[in-house]
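Enquirer: So that we are looking at the same thing, I have put the structure below in structure tokens.
The values are calculated or read from the model by the stated rules, or taken from the named source; none is laboratory data. Owing to the predicted nature of the structure, the values given are computational and were not obtained by experimental measurement. So basically every Cβ, Gly included, is an ideal-geometry build from the backbone, and we count neighbours across all protein chains shown. Just the protein is used for accessible areas: all its heavy atoms, side chains included, with ligands, DNA and RNA removed. Shrake-Rupley method; radii C 1.70, N 1.55, O 1.52, S 1.80 Å.
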2 protein chains.
Amino acid sequence: MDTTREYKIGDFAKLVGLTTFTLRYYENEGLIQPHRNRNGRRFYTTQDSRWVGFLLHLKGTGMTMTELKQYVQLRAQGDQTIAQRKALLRQVQTRCRNEIAERKANLTILNHKIDWYDGKLTHEISDDESFADYLKKFNENS
Amino acid sequence: MDTTREYKIGDFAKLVGLTTFTLRYYENEGLIQPHRNRNGRRFYTTQDSRWVGFLLHLKGTGMTMTELKQYVQLRAQGDQTIAQRKALLRQVQTRCRNEIAERKANLTILNHKIDWYDGKLTHEISDDESFADYLKKFNENS
DNA sequence: TTTTGACTTAGAGTTAACTTTAAGTGGTAG
DNA sequence: CTACCACTTAAAGTTAACTCTAAGTCAAAA
């Protein structure tokens, strides 16, 4: 493993799947702190790509910029903020779980609707059975 | 069951959990077609609330306004568009499944991070074990 | 050496899906 | 009767998270 490589912003952008605009934006917001060479140009390391990777995982859970900034601030204050960071992540975790559950529930309805269309197309469902009626078959538990 | 009730826009809004603004907006976009009384005021029926309920389920899968409008247009053309409607919903279904999967994967990382903080707080994880190292324990498959 | 890429700041533009306002009219419930 | 709710159109405002531009300077790759 090469842990000492340095990337210019353009190359790093490709590496992590962001644009240079976004990288500078994140930097502005305090989420990333690239290094500078003697000419004042940014460079990024493998370490930085790991951090950005983690950031993107957090983003992917629905964590907002505001929350990410809070998180980064806490992180900068060292180990005494671990409990607070954990609390923050727990909040994001709960919300994310709820969103997934809700999304799944909606997807289930969509699945049934598609099945219903299937039935219509293959004439397994009579012409006059409504989707509402059809849905009742899956409602043992409500 | 009372299937003949009529609701004024304000009451209907409460019933379905939207604002009157949003109801008029959806109507404008062609997603809802309320009835009018002799004074030109909108009223909505139980039928309408079922339709809005379904709309909201579709929205909840990540279906966009544009897609919903397409869907409603197809619906208005009758049974000969069932295959097209099914195709549209399938596309939404696939995207929704992918998004859920991605979200779950990100949540898994978040879960591990929280566990890692837990370990730090209870000193089950040594002070110098990095999260990256910790994560490796779960990476049998990558 | 020419083109490509990086640097700066401040600010404008983008996107989706609402959300609200204005400004005036006119039913309706308590 | 009075407060409240509904009606209209057109347009502006909101939010988050980017995304891009301008305008000029400067370094580096082909």
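Enquirer: What are the residue pairs meeting all of these: first residue in region B:110-129, first residue facing another protein chain (nearest Cβ under 9 Å) and in contact (Cβ under 8 Å) with a residue 60 or more places away in the chain, second residue part of a loop (DSSP other than H, G, I, E, B) and open to solvent by 30 Å² or more (accessible area, probe 1.4 Å), Cβ atoms under 8 Å, and 6 or more apart or on different chains?
Expert: Nothing qualifies.
Enquirer: While we're here: Within region A:69-114, how many residues are basic (Lys, Arg) and within 24 Å of B:Asp128 (Cα to Cα)? I'd like the intermediate steps shown before the answer.
Expert: The first filter runs over region A:69-114 and keeps only residues basic (Lys, Arg), leaving A:69, A:75, A:85-86, A:90, A:95, A:97, A:103-104, A:113.
Applying the additional criterion that residues be within 24 Å of B:Asp128 (Cα to Cα) yields A:75, A:85-86, A:90.
Number satisfying all stated conditions: 4.
Enquirer: Let me ask something else about it. What is the number of the single condition among (1) within 14 Å of chain A (Cβ to nearest Cβ); (2) more than 16 Å from DNA strand D (Cβ to nearest atom); (3) surrounded by 15 or more Cβ atoms within 10 Å (Cβ to Cβ) that B:Gln70 does not meet?
Expert: So the condition that B:Gln70 fails would be (1).
Enquirer: Please enumerate the residues belonging to region A:118-133 that are open to solvent by 50 Å² or more (accessible area, probe 1.4 Å) and of a type in the set (Gly, Ala, Ser).
Expert: Of everything in region A:118-133, just one residue is open to solvent by 50 Å² or more (accessible area, probe 1.4 Å) and of a type in the set (Gly, Ala, Ser), namely A:Ser126.
Enquirer: Among the residues of region B:1-17, which ones are in a loop (DSSP other than H, G, I, E, B) and either near DNA strand D (Cβ under 8 Å from one of its atoms) or within 14 Å of another protein chain (Cβ to nearest Cβ) (or both)?
Expert: So the first thing to find is which residues in region B:1-17 are in a loop (DSSP other than H, G, I, E, B), and the list is B:1-5, B:17.
Hits for region B:1-17 are B:Met1, B:Thr3, B:Gly17.
Enquirer: Just wondering, is there one or more residues in region A:54-75 that are without any contact (Cβ under 8 Å) to a residue 12 or more places away in the chain and of a type in the set (Asp, Glu)? Outline the logic, then answer.
Expert: Taking region A:54-75 and keeping what is without any contact (Cβ under 8 Å) to a residue 12 or more places away in the chain, we get A:54, A:57, A:59-60, A:64, A:66, A:75.
With of a type in the set (Asp, Glu) added as a condition, the list becomes none.
No: region A:54-75 contains no residue that is without any contact (Cβ under 8 Å) to a residue 12 or more places away in the chain and of a type in the set (Asp, Glu).
Enquirer: Tell me which helices (runs of 4 or more DSSP H) are completely within region A:18-128 and hold 2 or more residues being more than 16 Å from DNA strand C (Cβ to nearest atom) and under 16 Å from the mean Cα position of the chain (by Cα), or say none if there are none. Please lay out each step first, then the result.
Expert: Values: elements: A:20-28, A:46-60, A:65-76, A:82-122.
In region A:18-128, A:46-60, A:65-76, A:82-122 are the helices (runs of 4 or more DSSP H) which contain 2 or more residues that are more than 16 Å from DNA strand C (Cβ to nearest atom) and under 16 Å from the mean Cα position of the chain (by Cα).
Enquirer: Another question about this same structure. Please work out if A:Tyr117 is on the phi < 0 side of the Ramachandran plot, in contact with a Lys or Arg (Cβ under 9 Å, 6 or more places away or on another chain) and of a type in the set (Ser, Thr, Tyr). Outline the logic, then answer.
Expert: Working: on the phi < 0 side of the Ramachandran plot: yes; in contact with a Lys or Arg (Cβ under 9 Å, 6 or more places away or on another chain): yes; of a type in the set (Ser, Thr, Tyr): yes.
Considered against the rule, which asks whether it is on the phi < 0 side of the Ramachandran plot, in contact with a Lys or Arg (Cβ under 9 Å, 6 or more places away or on another chain) and of a type in the set (Ser, Thr, Tyr), A:Tyr117 comes out as yes.
Enquirer: Continuing with this model, one more query. Output the qualifying pairs, or none if there are none: Cβ atoms under 9 angstrom, residues six or more apart or on different chains, first residue in region B:29-44 and closer than 24 Å to B:Gln70 by Cα, second residue assigned to a loop (DSSP other than H, G, I, E, B) and of a type in the set (A, V, I, L, M, F, W, C).
Expert: Listed by first residue and then by second, the contacts come to B:Tyr44/B:Ile32.
Enquirer: To continue, here is another question. With the structure loaded, tell me whether B:Ile32 is among the β-branched types (Val, Ile, Thr) and farther than 25 Å from A:Thr94 by Cα or whether it fails that test.
Expert: On the way: among the β-branched types (Val, Ile, Thr): yes; farther than 25 Å from A:Thr94 by Cα: yes.
So B:Ile32 fits the description; yes.
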